[in-house]
Amino acid sequence: MKQKSLRFRQVHLDFHTGPEIPAIGARFEKRQFQEALQVGHVDSITCFSSGHHGWSYHPTDMGKMHPNLTFDLLAAQMEACREIDVRVPVYLTAGVDNVAAEAHPEWREVGPDGAFQGWTTSPIKPGFKTLCFNTPYLDYLVAKIEEAVTRYPEADGIFLDIIHQGQCCCESCLARMQERGLDPADEADRLTNANEVLLEYFKRSTAACKVNDADMPVFHNSGHVTPGNRSILNYFSHLELESLPTGGWGYDHFPFSAKYVANLGLDFLGMTGKFHTTWGEFGGYKHPNALRYECAAMLAFGSKCSVGDQLPPSGQADLSTYRVIGAAYAEVEEKEPWCREVTSVADIGLLSSAANHLNDPAYVGSRESRADTGASRVLLEGHYLFDVLDEESEISGYRLIILPDDIAVNGALKSRLDSYLAEGGKLLLSGSSGVGPDGEPLFDIGGTLGGQSPYSPDFFRPIESLQPELIDTPIVAYLPSTRLTVTTGESIGDVYDPYFNRSWDHFCSHQHTPYQPEPSGYSAGVRNGNIVYLAHPMFTIYYAYGAVAYRAYISSVIDLLLGTDRRLVTTLPSAARVSLMDQPSKDRSILHLLYATKSTRGAAMQMTGGNNQNSGARDTQPIEVIEELLPLHNVDVTLRIPDVASATLEPGGRSVELERVEDGVRIHIDQFTCHEMIVLNRG
């Protein structure tokens, strides 16, 4: 039986090599490859059966071996790894394959506009070509998978990449839609077809992975795990959260994803990259301190670690890369005992907007929901303990449930939330969340709604107890509010209308019209017992603008609802992160503190055209970079956890003094750098 628990220190080794590159693997040498892995403290590495160009890196009857490879490179890598107890999951390209696409253009995915799909739609531009799973390509892919697992039964798993089915209108998909009574001219029907085709891919490809071994681990990579898409999880043995902060995902993507998948019952790891930018960058290196922080964040949020690398075509591992990786993985190796078999401790359940709109064409294919990301940033920066939920998640254990901005509440969800509220639960709604089709609230918020305000932007002035520091005048809100009239509840602030909306024939100042001196008569929010409703889509506004005043207001509202139910309060700055994990097998909890200074480097620059006509570089965007890891001093954390008997800093075992407070303890940390683990031993 395959050992299904993931290891903590994995490398994902990309190897996409074009047919013009000579001497593939010619400088591979077992001892040098082993040395690189040992320098990097690596205990698992994903190696390639086939890559995006479509070539295989071993002898094959089903595919095509790279024309400039003369030996079984995959077998040589696996032998080298087995000798030093490093696991080897095997990678196969799935969604893109240029060898197959060029031999069988009828297998390519075609968009509704008639254009071939892929990383390039032009035949005279470089890039990978997307295949449709509703063509004989799926038969070809299944045969390649079965061949790989038969040739390499010792593989520690199968990684299938670029798993996506677009709104394809190839001849096969047009025929399929007609057979099923779907209209190819209707976007919703095209999405239905795509989802059905994708499900067939999952069934057949997973069966192929397990054709010889029912326990073969399988992961299908789509670059993001979409909250709420549980129907496909039976085809996964574990999850790998691709989230390269500098590659377009940003530093807030991984915590959100981890906080969702941690409660799905699957082992998981985070995947960052050693690159300064993203995949495919030769000669690009992230600062070792960035990897130290990113791997520490994976541990803090209950994940194991994976770092993406790219093997040079020669097959000789880049020791510079493994020295960078080793700086992080040496620390991970020391910390592993306190990070195994942990579960999240959370006060707040954030119901994901992406999960709620899973099949909405406006949301499909996006890596993030603005409402989700805005809410997650508020909670991360405010140091709240929270999980991310979908509509199947258990909600009874949370002290507060947040429905951010645009959650459509159906009958089943309404019933669950009603039961939750009846048991004393608390609910925060904003924008159109919890508003019925008739425009009225589905919950007793203590007010009535009168549709969307005609003004944008408008302004809000919270009541005194909720006002941001030093601000007691109206604050601009850049998205329209819902007209809220308070009846039986308590208003938490007023809306101030502008004199008029800005237009060509009347405007004022540089941006928008100022507010009138008197409130509009409508409220910015209302509290009715354990429910608070905010009239503005505040989380989306925070996502877009990031103003500290917005977060301060939202945090004050959350604190108003949570009260003494909030289990953790800290003096950490907003750039720091905190998590609390239980480790039941050791009868202890682990408090993780994280901090790194992120600087925005680089700039938006066109790298193609003009003087860069023949450049192979992508156009650039600013990148968040971590270089220096600066210490934080005099950090206090108050925990409302009554059964803490003692605390230590790990690794190292240094004792931490506990100050007893009502219902818990206060901990003072003189100084830490990057990541501190405080182990709370129960009595």
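We did not get these values from a lab; they are worked out from the coordinates using the rules stated. Small disclaimer: the values here were computed from a predicted structure and weren't measured. Neighbour counts run over all protein chains shown; Cβ positions are idealised from the backbone, glycine included.
Numbers below:
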{"read-out": "Global geometry of region 341-420, whether rounded, prolate or oblate, following the gyration tensor of its Cα atoms and the 1.5 cut on a/c", "value": "oblate"}
{"read-out": "Fraction of beta bridges assigned by DSSP in region 324-439 that are antiparallel (%, nearest 5)", "value": "0 percent"}
{"read-out": "Neighbourhood net charge (12 Å Cβ-Cβ; Lys/Arg +1, Asp/Glu -1) for PRO514", "value": "-1"}
{"read-out": "Size of electric dipole in region 9-340: Cβ of Lys, Arg +1 and of Asp, Glu -1, about Cα centre, debye, nearest 20", "value": "480 debye"}
{"read-out": "Of LYS335/LYS586; LYS30/LYS144; LYS426/LYS586; LYS286/LYS598; LYS304/LYS335, pairs whose Cα-Cα distance is over 20 Å", "value": "LYS30/LYS144; LYS426/LYS586"}
{"read-out": "On Cα atoms only, tilt of 548-562 relative to the major axis of the chain in degrees", "value": "80 degrees"}
{"read-out": "Charge-dipole axis of the chain as Lys and Arg at +1 and Asp and Glu at -1 on Cβ define it, positive-most pick from ASN530, HIS287, GLY447", "value": "HIS287"}
{"read-out": "Selection from GLN10, VAL225, GLY349, by position along the positive dipole direction of the chain (Cβ)", "value": "GLN10"}
{"read-out": "Counting all C-alpha pairs of region 348-566, share separated by more than 23 Å (%)", "value": "44 percent"}
{"read-out": "Region 489-647 shape via C-alpha gyration tensor axes, a/c threshold 1.5", "value": "oblate"}
{"read-out": "Near-label residues of region 439-462 by backbone N, under 13 Å of a point 7 Å along Cα→Cβ of ILE471", "value": "459-462"}
{"read-out": "Sparse-neighbourhood loop sites, GluC sites (Glu not before Pro) in region 548-632 - DSSP loop, at most 15 other Cβ within 10 angstrom", "value": "GLU627, GLU628"}
{"read-out": "Size of region 570-682 as Cα extents on the principal axes (Å, biggest first)", "value": "67, 30, 25"}
{"read-out": "Within the chain: Cβ-based charge dipole about Cα centre, in debye rounded to nearest 20 (Lys, Arg +1; Asp, Glu -1)", "value": "920 debye"}
{"read-out": "Length-normalised contact order of region 348-566 in % [C-alpha pairs under 8 Å, at least 6 apart]", "value": "23 percent"}
{"read-out": "Among GLY40, LEU191, MET271 - extreme Cα towards positive end, dipole of the chain, charges at beta-carbon", "value": "GLY40"}
{"read-out": "Protection-proxy order for peptides 656-667, 573-584, 16-27, 83-94, each taking the mean of Cβ atoms within 10 Å per residue, highest first", "value": "83-94, 573-584, 16-27, 656-667"}
{"read-out": "Rounded to 5, the percent of DSSP beta bridges in the chain classed as antiparallel", "value": "60 percent"}
{"read-out": "Relative contact order (%) - criterion: Cα under 8 Å, at least six apart; region: the chain", "value": "11 percent"}
{"read-out": "Lys, Arg +1 and Asp, Glu -1 on Cβ, resulting dipole of region 348-566 about Cα centre, debye, nearest 20", "value": "240 debye"}
{"read-out": "Sequence-separation-based contact order of region 248-311, relative, with Cα cut under 8 Å and 6+ spacing, percent", "value": "41 percent"}
{"read-out": "Over the chain: helical MRE at 222 nm, DSSP H runs n ≥ 4 each giving -39500 (n - 2.57), nearest 500", "value": "-7500 deg cm²/dmol"}
{"read-out": "Pairwise label distance in nanometres, THR600 with THR150, each label 7 Å out on the Cα-Cβ vector", "value": "5.5 nm"}
{"read-out": "Gyration tensor (Cα) of the chain, equivalent ellipsoid semi-axes in angstrom", "value": "44, 32, 24"}
{"read-out": "Those trypsin sites (Lys or Arg not before Pro) in region 155-245 that DSSP places in a loop and that have at most 14 other beta carbons within 10 Å", "value": "ARG180"}
{"read-out": "Rg ratio (alpha-carbon, reference 2.2 N^0.38 Å) - region 378-435", "value": "1.11"}
